[in-house]
Amino acid sequence: MSRRKVELPKAVDRVLLDEETIQRRVEELAAQISADYADAGDLVLVGVLKGAFIFMADLARRLTISHHVDFIALSSYNRGATSTGAVRLIMDTRTPVTGRHVLIVEDIVDTGYTLDYLLSTFQARRPASLKTCVLLSKPERRKVNAPIHYLGFEIPDVWVVGYGLDYADRYRTLPYIAALKREVYE
Amino acid sequence: MGLRDDVAKVLIPEEKLQARIAELAREIDATYSRDDRPLLVCVLKGAFMFLADLTRHLETPHEVDFMEISSYGRGTVSSGVVRILLDLAQSIEGRHVLIVEDIIDTGRTLDYITRNLRTRGPASLRVCTLLSKPSRREIEIPLDFVGFEIPDEFVVGYGLDFAEIYRNLPFIGVLKEEAYRQ
C-alpha cells in the first residue's frame, strides 16, 4: 500500500496512531473476531455513521468469515459537553437481526451514551448475541458503563481526527489518527 | 468452505484495484482546487469500501456525506425511481459535489440521484464510479472519473454483494453461476 498524506494539516498537533499501527491492530481484531465467530452462523456488522465507515471497510475485508454489513445513522439532540446522552435515530439498519449475531462497529466511545443506546436498541430485537467492536476508547470521559468486547486502542482525552473521526466534518479521511491543537477546538 | 470458493475468476486483483484508486485520487486532486472543498456523496451500501480507500488518497481537503436509497418494487429491472432512506446530513447549495458510486450499469439510479441533487443548487456536480458496465447503459450520464470499464458479468467483492454476501472480498470477482442460481 502506498504511503499517503505525509504532510500534516496545520490544525494537527501530533500523530497519535500512525497508519501502520492502526492497520496492524485492525488485522488483529479481525483475526480475533473471525476465530470467535467461526462456528456461530449469521453475523451482522452494524457500522455507526459517519465515523465508523473507514474502520468498517478495513475490518470487514480482513474477516475470513461470512457476514453482512449494515449501517445505522444517529444524532445527538444536543451537542457539546452538556449532552444528556439523548440519541436520535436518523436511519435504522435494514438487515433483520433477530436470531443473528450482532457486532456493533464504532469508531470511538467517550461518554458511552451512544453505545449504551445502541446496545439497548439491539438487545430489544432479540439477537442471538450482541457485542461491540470499538477502535478508540477514552476511559476518562466515561459517564455510563457500556461494554466494549473488542477494543483497538485506549487514548487520552484529546480531540482526535482522522480514520473516520472529524472536527466539523474536516480531517475525517486522514489515514492516521491525530490530536488536534487545543487552540483549534477550545 | 470460504467465500472465495464461489468466485469463478478474479476480474480485478487487489493490487490493480488499489493502484487505480490512487490514480483516481490524483485525477480528482487535479480537478478541484483546495478552496473547492468538494463534498463526496457516498451511495450506500456498495460504495463505502471504495470511499474509504479513495478518500485516504485525496490531497484536496474534502468532506464526506452519505445517502442510502432503496428501489421501489422487486425484480432486477430497475425503474430508477428510488426511495431515499437516508438523506445528506448537510445542504449542498453552492457546494462542489462528487457522487461516489461502486458501479454504474443501466444508469437509471444515478440519473435519478443526479436530478435530485441538482435541484438543491450545488456549485458543481460530478460522478466518480469504480466500475462501469457500458454495455448495460440505458441512460447516458457523463461519468467524470471511472475506475474500470467491465463486461456484463455478475461481479462481487469490494463492496458489491450478492444477497448481502461477498462484499468484503478485497478484489472484484465474477461469481460462479451455481452460487447465484439457487
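Here are the numbers for this structure:
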quantity	calculated
Helix-derived mean residue ellipticity, 222 nm - over the protein assembly as shown, DSSP H n ≥ 4, -39500 (n - 2.57), to 500	-7000 deg cm²/dmol
DSSP-loop GluC sites (Glu not before Pro) across the stretch B:70-164, with at most 16 other Cβ within 10 angstrom	B:Glu93, B:Glu138, B:Glu140, B:Glu153, B:Glu164
Positive-end residue, chain B charge dipole about Cα centroid, Cβ charges, pick of B:Ser91, B:Ile103, B:Phe154	B:Ser91
Theoretical FRET efficiency, 1/(1+(r/R0)^6), r = Cβ-Cβ of A:Glu27 and B:Lys16, R0 25 Å, to 0.05	0.70
Charge tally in the Cβ shell below 11 Å around B:Ala89, where Lys, Arg are +1 and Asp, Glu are -1, B:Ala89 excluded	-3
Cα-based shape type of the protein assembly as shown, given that a ≥ b ≥ c are square roots of the gyration tensor eigenvalues and the cut on a/c is 1.5	rounded
Kirkwood hydrodynamic radius of the stretch B:44-182, Cα pairs, Å	16.0
Near-label residues of the stretch B:128-171 by backbone N, under 15 Å of a point 7 Å along Cα→Cβ of B:Ala30	B:144-147
Loop-resident sites, the stretch A:39-145, for chymotrypsin sites (Phe, Trp or Tyr not before Pro), counting at most 14 other Cβ within 10 Å (DSSP)	A:Tyr77
Only Lys, Arg (+1) and Asp, Glu (-1) charged, at Cβ; chain B dipole about Cα centre in debye	320
Under 5 Å, built H, 5+ apart or other chain: amide partners of A:Val12	A:Lys181
Cα long-axis angle, helix B:14-31 against chain B (0 to 90 degrees, to the nearest 10)	20
Share, in percent, of DSSP beta bridges within the stretch B:90-182 that are antiparallel, nearest 5	25
GNM top mover of B:Gly147, B:Gly159, B:Gly94 - chain B, alpha-carbon springs below 10 Å	B:Gly94
Antiparallel bridges, percent of DSSP beta bridges restricted to the protein assembly as shown (to nearest 5)	35
Radius ratio Rg over Rh of chain A, counting only Cα atoms, Kirkwood formula for Rh	0.96
Choice from A:Val160, A:Val12, A:Val46 showing the highest fluctuation, given a GNM over chain A with Cα pairs closer than 10 Å	A:Val12
Shape call, the stretch A:1-77: gyration tensor on alpha carbons, a/c limit 1.5	oblate
Trypsin sites (Lys or Arg not before Pro) within the stretch B:2-86: DSSP coil, no more than 16 neighbouring Cβ in 10 Å	B:Arg74
Antiparallel content of DSSP bridges confined to chain A, in %, to 5	35
Debye, to nearest 20: dipole size of chain A, +1 on Lys, Arg Cβ, -1 on Asp, Glu Cβ	340
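Bear in mind these aren't lab numbers, they're just calculated from the coordinates by the rules spelled out. Given the structure is predicted, the values throughout are model-derived calculations rather than measurements. No Cβ is skipped: glycine too gets one built from the backbone with ideal geometry, and neighbour counts run over all protein chains shown.
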